[in-house]
Amino acid sequence: MKKYFLLLTTLLVFACDSDEDKAGRFFIKGNEALNNSQLEQAVRFYSEALAIKPDYKEALNNRGVALYQDGRYTEAIIDYSNILVQVDTGYADALRNRANAYLADGQYEKALGDLAKLEYKLPDSAYVYFTKGLAYHEMKDHAQSIASFNQALEKGSDSTEVYINIANSMFMMGDFETAINRLNEAKEINADEPNIYNTLALIESYRPEPDFDLALDLVNQALKLDYNNPYFLSNRAFIYLNQSRLEEAEKDIRISIIGASDNAWAYRNRGMLFYFKEDYEAAIRNFELAADIDANVPRMYAYWALSLQALGMKSEACDVVSNSPEDLSAVASLKSIDCQ
């Protein structure tokens, strides 16, 4: 998922050594540091500029960009908010950047609030609708997500990202055929986009009658294009688990968690791995970790309940079954649990 930030590069000609000139020189140094990914230096130079000229909105904006890129989302939001509250209430660049920061920080409703203001200012902006789609997807409102992505297409966006994100939402809704159609459209634009093949692998893995051999070929194609992507490795681990290739799954799980420690699907995979190894207590701990991050991870609750059942924890197993977002009535191994 790409984020686009508006970085301001005001050009100043210095005729005398005024405060504005000094602030401008620090601003230019900050831009140079930011362009070289020297984020701490960039923040320091922008802060020097702001110490001289506190209402320097370009410096506030760019310091927010540097803070965002350094993962300091709360501080970035404060900078953008200071522009919008104290300097320029209608500054579209700050609204756009703050929406991205809210999105990265998991504050999806606030992101949508900024995007609504941007939609009013920029009604023909494909970016606004695309970013709304990302926010709705994270909120698990996949119907609204798809509607927003389609609006981005109507506004002229023709990127693989839009089609792939529509496909991901369709996948989460179980509409696999429409998802495949969207991925084929993405392939016509850029057949070397690895997320196309990763999402196709997901579809093949989670069909009612999965084809794990085909899924493995597809995810390996994605990994050839983006080596060691932790999300792709997590998805390959799930395939290996379903092929009883536990050693290979364990290696992918370990690397995927190191690379993306907030990926609930990876902890679900590790829980499955421990279940298959009959280490049920470790399995339960990992399912709990996964659920704390995302309670809607598919194919998790059955193994969670089975782990509890194996430890004789019938009441807890029944709670997991009742809380599952998936229908577990067809899971034969769970039928011995009488939760009535």
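The values are calculated or read from the model by the stated rules, or taken from the named source; none is laboratory data. Just so it is clear, the structure is predicted and the values come from calculations on it, not from any experiment. Virtual Cβ from ideal backbone geometry, glycine too; neighbours counted across all protein chains shown.
Which residues, counting only those in the range 285-304, are surrounded by 18 or more Cβ atoms within 10 Å (Cβ to Cβ) and either among the basic types (Lys, Arg) or farther than 9 Å from TRP265 by Cα (or both)?
ASN286, PHE287, ALA291, TYR301, ALA302, TYR303, TRP304
Enumerate the pairs (first residue in the range 177-195 and surrounded by 17 or more Cβ atoms within 10 Å (Cβ to Cβ) and outside any helix (DSSP H, G or I); second residue anywhere and of a type in the set (Lys, Arg) and at pLDDT 95 or above) with beta-carbon separation below 9 Å, excluding pairs fewer than 6 apart on the same chain, so at least 6 apart or on different chains.
Note: pairs meeting the criteria are GLU193/LYS187.
Name the pairs: first residue in the range 268-286 and in the same structural domain as ALA302 (by TED's automatic domain parsing), second residue crowded, with 24+ Cβ neighbours inside 10 Å and part of a loop (DSSP other than H, G, I, E, B), Cβ to Cβ under 8 Å, at least 6 apart or on different chains?
Sorted first by the residue in the range 268-286, then by its partner, the pairs are ARG268/MET300; GLY271/MET300.
Pick out the one residue from PRO54, PRO123 that is outside any helix (DSSP H, G or I), under 27 Å from ASP21 (Cα atoms) and without any contact (Cβ under 8 Å) to a residue 60 or more places away in the chain.
Numbers: PRO123 fails: under 27 Å from ASP21 (Cα atoms).
The unique qualifying residue is PRO54.
Is it the case, given these coordinates, that GLY71 is in a helix (DSSP H, G or I) and either outside the structural domain of ASP294 (by TED's automatic domain parsing) or modelled with pLDDT of 95 or more (or both)? Walk me through it before giving the result.
Working: in a helix (DSSP H, G or I): no; either outside the structural domain of ASP294 (by TED's automatic domain parsing) or modelled with pLDDT of 95 or more (or both): yes.
Here the answer is no, as GLY71 does not meet what is asked.
Could you count how many residues in the range 196-228 are outside any helix (DSSP H, G or I), farther than 29 Å from ASP327 by Cβ and among the acidic types (Asp, Glu)? So that I can check it myself, show each step before the final result.
In the first step, residues of the range 196-228 are kept if they are outside any helix (DSSP H, G or I); the result is 207-211, 226-228.
Now drop any that are not farther than 29 Å from ASP327 by Cβ, which leaves 226-228.
Subset that is among the acidic types (Asp, Glu): 226.
The qualifying residues number 1.
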